[in-house]
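The values are calculated or read from the model by the stated rules, or taken from the named source; none is laboratory data. Bear in mind the structure is a predicted one, so any value in this text is a computation, not a measurement. We place every Cβ from the backbone using ideal geometry, glycine too, and count neighbours over all the protein chains shown.
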Amino acid sequence: QVTLRESGPALVKPTQTLTLTCTFSGFSLSTSGMCVSWIRQPPGKALEWLARIRWDDGKYYSTSLKTRLTISRAPYPDQVVLIMTDVDPADTATYYCARGAAAPGTFDFWGQGTLVTVSS
Amino acid sequence: DIQMTQSPSSLSASVGDTVTITCRASQNINTYLNWYRQKPGKAPELLIYAASTLQSGVPSRFSGRGSGTDFTLTIRSLQPEDFATYYCQQTYSTSDTFGQGTKLDFK
C-alpha cells in the first residue's frame, strides 16, 4: 500500500527558511523510474509543481523558484525533504508530495497536503 | 516554461450530462499530458495519463484525446462526485506545468 505524508510547520515568518518532509511507504525511491515531487496550491488557486527527485538522485526544480529550493532524500525512514529559503506571504499554500512511477511527472499517489502560512 | 491554458475556467452541468474540457499547450508536447480531478479539500487524483490512457481504477466515463498542442477531457454521464476542479498537466519538459483549472459545478 503506497502512502505519502507531508509534515512541517504550519506558520513561518517572512524571510525564514521552510523545511518540509515527505515520509512515504509502500515503494522504494531506489527503484528505477521512481520519483517524488513537491507541488503546492495557494488557497483558491491552481496547482504549481516545485521540485522532483529521481531514483538516480537526479534533481529538477521549477524555473521560477529554483534559486530558493533544495530537494534531497533521506534513506531511513524513507523521506524526501524540501527546503525553501527566504519565504514570503506569497508562499502561503498547501504543499503536497506525490509519487511519480509510470513517468516522472505522472503523479499516481499523493499525500493529503500540509498548509503552510507565511505571516509575521 | 511551457504554458498550459484550459477552457472554460468554469462550467455548469447536471448529473447525467456529458462535458468536455479543453487544454492547450504553448508548444508541441506530443502526448505528454495528464488530467487530474480535485475534490474540495482533497489532494488531486490522476484520471488520464499520456493524453488518453485511463489510470487504473478510474471509471470509463472519463476519456482523453489529443496530441501536439490541443487536448480534451470528456466526462460522460456525470456523477455527483465529478463536480470538482480539473487540471491538465504537461510532462514534456523537466519542469512540469499545470493548467489553471476548470471548475465543474451544478447547474
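Observations on the model:
- Test: residue in the stretch B:43-51 that is more than 28 Å from A:Pro42 (Cβ to Cβ), touching a Gly at 6+ places or on another chain (Cβ under 7 Å) and of a type in the set (Gly, Ala, Ser): no
- Set side by side, the residues A:Arg5, A:Arg52 differ, and just one is of a type in the set (Lys, Arg), part of a strand (DSSP E or B), within 14 Å of A:Gly113 (Cβ to Cβ) and in contact with a Gly (Cβ under 9 Å, 6 or more places away or on another chain), which is A:Arg5.
- Scanning the stretch A:70-81 for residues that are surrounded by 17 or more Cβ atoms within 10 Å (Cβ to Cβ) and of a type outside the set (Val, Ile, Thr), we see that the one that is farthest from A:Ser25 (Cα to Cα) is A:Arg73.
- Look at (1) surrounded by fewer than 20 Cβ atoms within 10 Å (Cβ to Cβ); (2) under 17 Å from A:Pro104 (Cα atoms); (3) of a type outside the set (Lys, Arg) and you find that A:Thr21 fails only one, number (2).
- Selected residue (only one of B:Leu73, B:Leu104, B:Leu46 is within 14 Å of chain A (Cβ to nearest Cβ), modelled with pLDDT of 95 or more, buried (at least 20 other Cβ atoms within 10 Å of the Cβ) and part of a strand (DSSP E or B)): B:Leu46
- Residues of the stretch A:82-120 classified as closer than 22 Å to B:Lys42 by Cα, away from chain B (no Cβ under 14 Å) and either buried (at least 18 other Cβ atoms within 10 Å of the Cβ) or free of Cβ contacts under 8 Å to residues at least 12 places away in the same chain (or both), total: 4
- Scoring B:Gly64 on the criteria (1) within 15 Å of the chain's Cα centre (by Cα); (2) surrounded by fewer than 21 Cβ atoms within 10 Å (Cβ to Cβ) leaves a single failure, condition (2).
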